[in-house]
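Here is the structure we will look at.
Since every read-out is calculated from the coordinates, none of them should be taken as a lab result. Please read all numbers here as calculations on a predicted model, not as lab measurements. All Cβ positions, even for glycine, are placed from backbone atoms using ideal geometry, and neighbour counts span all protein chains on display.
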Amino acid sequence: MRVDEFDYYLPPELIAQEPVEPRDRCRLMVLRRHDGTIEHREFKDIVDYLRAGDVLVLNNTRVIRARLSGRRKDTGGKLEILLLREIGDDQWEVLVKPGRRARVGSFVSVGDGTLDGEILDKTATGGRRIRFTSHSGEDVGEVLRRCGMVPLPPYIKKEVKDEESYQTIYAELEGSVAAPTAGLHFTRELLDDIEALGVKVVKITLHVGIGTFRPIKVANVEEHTMHEECYEVPPEAAGVINEARSAGGRVVAVGTTSVRTLETVADPSGRIHPGHGWTNIFIYPGYNFKAVDALVTNFHLPKSTLIMLVAAFCGKENIMRAYKIAVDERYRFFSFGDAMLII
């Protein structure tokens with residue numbers, strides 16, 4: 001299967017540069033995967049498609065302030081550092097731009113100058129491993145939070161004044177370098193309305209990693225390897241999901257991150273097993289879903305692993321036709337864009 005099969009034309013002006021307010025007033029395309037029919041609604045109307053006994057699965061990860069400005073200690077040259085994941089002992093896996101200046105053994109000064117970093121080695125994916133040291137005696141993690149900025153996707157060119165607009169209202173556990181953007185559309189009032197229907201709401205975690213930013217560089221889909229991401233499914237959440245499915249309820253996953261987590265921990269019968277670990281599951285057409293019955297998602301980049309996942313869920317013909325309709329109907333795309341419900 002070729003990556004080019006998941007390409008589509010998107011006018012640049014349809015890339016959303018800021019979120020809709022209130023969050024739940026964005027547009028919602030409802031796609032019925034079994035016959036391809038489409039309805040156009042507002043996101044708050046999602047309550048019309050949920051029913052008592054369903055379970056809504058949210059990813060409660062929180063985006064860290066992962067983008068740092070730095071300078072080389074020897075030359076003063078500017079560097080941009082993106083924190084990817086903490087390894088331990090004040091060491092992080094990072095991306096450095098420009099990479100050619102980040103030589104192993106060199107030192108960088110970060111943020112307000114109270115933090116130095118030693119570049120220890122290169123990673124297999126082209127990043128660096130760096131050890132930070134605080135001169136002030138302040139905790140390294142606290143300095144990074146103070147000096148860092150929330151990393152927005154490169155296609156958002158407009159300055160975002162409120163960093164919370166790029167966090168879900170239920171974001172709790174820090175660890176992501178990008179938001180699980182399907183969840184950005186929920187308000188507290190909407191979640192209350194959903195629970196009032198008799199829908200259970202549970203939270204799992206998948207910390208979104210660098211794979212979100214990286215394009216597929218191979219021609220054939222099957223040759224692509226996903227970057228590992230850390231997940232956790234609490235026993236309470238697994239129990240609620242399994243009970244709902246046993247009683248005939250649907251599992252409604254909010255976002256591709258929730259899908260990937262659930263499909264990682266599901267056995268062949270669809271039963272969810274609690275636990276935590278790392279997943280590099282890659283879902284594309286031909287995949288047999290075990291645990292997910294409906295999906296809330298955004299409109300994704302052409303030729304991305306995310307559009308491949310939704311194509312696997314509802315059929316490639318259905319999704320490519322739906323994207324063409326979305327362009328024709330002037331939907332807003334990507335992180336701050338409109339939403340899709342696939343049922």
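A few remarks follow.
- With contacts taken as Cα pairs under 8 Å at a separation of at least 6 residues, the chain carries a relative contact order of 25 percent.
- For 168, 61, 264, 187, the sequence from fewest to most other C-beta atoms within 10 Å is 187, 264, 168, 61.
- For the chain, built as a Gaussian network whose Cα springs stay under 10 Å, the top-fluctuating residue of 228, 13, 172: 13
- Cα gyration tensor shape of region 67-147, rounded if a/c is under 1.5, else prolate or oblate by comparing a/b with b/c: oblate
- Taking Cα centre as origin and charging only the Cβ of basic (Lys, Arg, +1) and acidic (Asp, Glu, -1) residues, the dipole magnitude of the chain rounds to 1060 debye.
- Of all DSSP beta bridges confined to the chain, the antiparallel ones make up roughly 70%.
- Computed extension gain for residue 288 through residue 106, at 0.36 nm per residue and net of the alpha carbon distance, reaches 60.8 nm.
- Kirkwood-based shape ratio for the chain, expressed as Rg/Rh from alpha carbons: 0.98
- For the chain, built as a Gaussian network whose Cα springs stay under 10 Å, the top-fluctuating residue of 274, 180, 98: 98
- Anisotropy class of region 274-343 from Cα gyration tensor, a/c 1.5 cut: prolate
- Separation of the alpha carbons by more than 28 angstrom is noted, of 158/290; 158/303; 157/203; 97/324; 44/217; 44/200, for 158/290; 157/203; 97/324; 44/217.
- Multiplying the residue separation of residue 42 and residue 131 by 0.36 nm and subtracting their alpha-carbon distance yields 27.4 nm.
- A Gaussian network model of the chain, with springs between Cα atoms under 10 Å, assigns the largest mean-square fluctuation among 176, 304, 106 to 106.
- Mean residue ellipticity at 222 nm, helices only, the chain: -5500 deg cm²/dmol; runs of at least 4 DSSP H residues each add -39,500 (n - 2.57), and the sum is divided by the number of residues.
- Sorted by Cβ neighbour density within 10 Å, fewest at the top, the residues 44, 161: 161, 44
- Estimated FRET transfer efficiency when R0 is 35 angstrom, pair residue 10-residue 228 (beta carbons, to 0.05): 0.75
- Three-way shape call for region 210-264 based on the alpha-carbon gyration tensor, with the a/c threshold at 1.5: prolate
- Between 0 and 90°, nearest 10: helix 235-246 axis offset from the chain longest Cα axis: 20
- For region 169-186, 3J(HN,Hα) per residue [Karplus equation, 6.51 cos²θ - 1.76 cosθ + 1.60, θ = phi - 60°, Hz, x = Gly/Pro]: 5, 10, 5, 10, 9, 5, x, 9, 9, 8, 7, x, 5, 4, x, 5, 7, 7
- Helix 316-328 axis, angle to the chain major axis (alpha carbon atoms, nearest 10°): 80
- Fully extended contour minus Cα-Cα distance, from residue 327 to residue 219, at 0.36 nm per residue: 36.4 nm
- Residue order, fewest to most surrounding Cβ atoms within 10 angstrom, among 149, 340, 320: 149, 320, 340
- For region 251-343: relative contact order, % (alpha-carbon pairs under 8 angstrom, 6 or more apart): 32
- Contact order, relative form, for region 31-165: 20 percent (alpha carbon pairs under 8 Å, 6 or more residues apart, mean separation divided by residue count).
- With Cα atoms, 0 to 90° folded angle of helix 256-265 axis to the chain main axis: 80
- Separation in nanometres of the label points that stand 7 Å from Cα toward Cβ, at residue 69 and residue 236: 4.2
- This model, with +1 at the C-beta of Lys and Arg and -1 at the C-beta of Asp and Glu, gives region 67-147 a dipole about its Cα centre of some 600 debye.
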